[in-house]
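The values are calculated or read from the model by the stated rules, or taken from the named source; none is laboratory data. What you see is a predicted model; the values in this text were computed from it and never measured. Quick reminder, even Gly has a Cβ in these numbers, built from the backbone with ideal geometry, and neighbours come from all protein chains shown.
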C-alpha cells in the first residue's frame, strides 16, 4: 500500500472558509477542495489513507461526511483544536477561550436558527 503525503496536497478551502470546522463536508465537496476526482477520494477512503469519515445522526444517506477540522488537521499537520480556535477567534469572537465554548456557541446557533451548517457572513 502506498502512503499518501497530505503535505503534497494543495487544498482550496476558500469556499468553506466561513464554515465552522466542527461541521462536515461530503466526499464530493472534499474532492473539489483537494482538486482530485471523487473516485480518488473513494479510493483513498477504502485504502484508509484519509481520516475516517464520521457517522453523523442528522446526516444520512449513502454519503461520507468528513469533519472539516479533522481533514485540515491531517493536511496541515496540526491539532484540530487549534484549527477550530483559529476559526472561532476570526468568525465568532476574538476572546473565545476554548473549544468547549465554540461547541456551545455552534450548538446554540444550530438550535436557535434551525440550520445544519453554521456559515457566518
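Quick notes on this structure:
- Number of positions in the stretch 92-103 that are more than 19 Å from residue 79 (Cα to Cα) and surrounded by 12 or more Cβ atoms within 10 Å (Cβ to Cβ): 2
- Within the stretch 34-51, the set of residues being in contact with a helix residue (DSSP H, G or I) (Cβ under 7 Å, 6 or more places away or on another chain) and either within 24 Å of residue 102 (Cα to Cα) or surrounded by 19 or more Cβ atoms within 10 Å (Cβ to Cβ) (or both) comprises 41, 50, 51.
- Yes/no for residue 94 being within 15 Å of the chain's Cα centre (by Cα), modelled with pLDDT of 85 or more and not in a helix (DSSP H, G or I): no
- Some residue of the stretch 52-72 being at pLDDT below 90 and in contact with a helix residue (DSSP H, G or I) (Cβ under 6 Å, 6 or more places away or on another chain): yes
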